[in-house]
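Data block below; observations after.
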Amino acid sequence: MSLVCLVPAAGASTRMRGRDKLLEKIDGVPLLARQTSAVMALGVPVLVTLPAQAEDRVNALHSILDELVTLMNIANANEGLSASIRMGANWAMAQGATALMVALPDLPDVCAEDFAALHAAHRTHPDAVIRATTAEGEAGHPTILPARLFGALTQLTGDQGAKPVLKSEQFIPCPLPGNRAVTDLDTREAWEAWRTARAAKSKQSQP
């Protein structure tokens, strides 16, 4: 076993004021299914963490699930991203993985080719932290965490993700085009602005 992937989808979308950002549709496909499909293109085991009550998210994933995908509910999802990362690290250790890619599902511009680029960087630097960056070098996501950090990841608390573990780590940057690595959509306004910009870009590319 080598790389495995975590899609942490246990957040509550509280800033969306009643809507679930992971169920927002892009080209008719819910964001969670779209981004999970992109991760699945790597052909490695994928864990999707979900809140205790997640019927709508499970339904959104139903049509794409295969034997490589595991769904796990997190009873303490309100603790934040660390709950998903703890579960992901324990799952990765049980898989005998050499590294865990954390692929946040609310970055809609990250695509299968980007995940593949990080995977390639991991093969070149198997013991290093690999982080996606913007074209200008700003650190973002996805992130690949080597097995030597799994123990520390299982001790995380709060909603800072892996930051307490990463603060003392150097990382290998994996630049992605534009701002893909940092464009997350947490509010209705962010979604509206993103869709407007995407439509304008599509119109400009038409002959």
- prompt: Residues in the stretch 164-174: is at least one in contact (Cβ under 8 Å) with a residue 12 or more places away in the chain, under 15 Å from the mean Cα position of the chain (by Cα) and part of a loop (DSSP other than H, G, I, E, B)?
  reply: no
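Does residue 21 qualify as being of a type in the set (D, E, K, R), without any contact (Cβ under 8 Å) to a residue 40 or more places away in the chain and farther than 14 Å from residue 110 by Cα?
Working: of a type in the set (D, E, K, R): yes; without any contact (Cβ under 8 Å) to a residue 40 or more places away in the chain: no; farther than 14 Å from residue 110 by Cα: yes.
Spelling it out, it is not the case that residue 21 is of a type in the set (D, E, K, R), without any contact (Cβ under 8 Å) to a residue 40 or more places away in the chain and farther than 14 Å from residue 110 by Cα.
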Hey, residue 47 within 16 Å of the chain's Cα centre (by Cα), buried (at least 18 other Cβ atoms within 10 Å of the Cβ) and more than 26 Å from residue 165 (Cβ to Cβ) or not:
no
The helices (runs of 4 or more DSSP H) lying entirely within the stretch 54-135 that contain at least 3 residues which are surrounded by 21 or more Cβ atoms within 10 Å (Cβ to Cβ), on the phi < 0 side of the Ramachandran plot and of a type in the set (A, V, I, L, M, F, W, C) are 81-95
Filtering the stretch 5-15 down to residues that are touching a helix residue (DSSP H, G or I) at 6+ places or on another chain (Cβ under 6 Å) and outside any loop (DSSP other than H, G, I, E, B) yields 5, 6, 7, 8
Residue set 170, 155, 206; condition exposed (fewer than 11 other Cβ atoms within 10 Å of the Cβ), of a type outside the set (Val, Ile, Thr), modelled with pLDDT of 90 or more and over 21 Å from residue 103 (Cβ atoms); output residue 170
A careful count of residues in the stretch 162-207 that are over 20 Å from residue 22 (Cα atoms) and among the hydroxyl-bearing types (Ser, Thr, Tyr) gives 3
Q | So residue 145, is it part of a strand (DSSP E or B), touching a helix residue (DSSP H, G or I) at 6+ places or on another chain (Cβ under 9 Å) and aliphatic (A, V, I, L, M) | A | yes
Among residues of the stretch 50-89 being of a type in the set (Val, Ile, Thr) and in contact (Cβ under 8 Å) with a residue 60 or more places away in the chain, the residue nearest to residue 144 (Cα to Cα) is 85
Result of the Cβ filter at 9 Å on the stretch 186-207, keeping first residues that are assigned to a helix (DSSP H, G or I) and partners that are exposed (fewer than 10 other Cβ atoms within 10 Å of the Cβ), at least 6 apart or interchain, is 188/17
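The values are calculated or read from the model by the stated rules, or taken from the named source; none is laboratory data. The shown structure was predicted, so the numbers you read here are calculated from the model rather than taken from an experiment. Here Cβ is always computed from backbone atoms with ideal geometry, including for glycine, and neighbour counts include all displayed protein chains.
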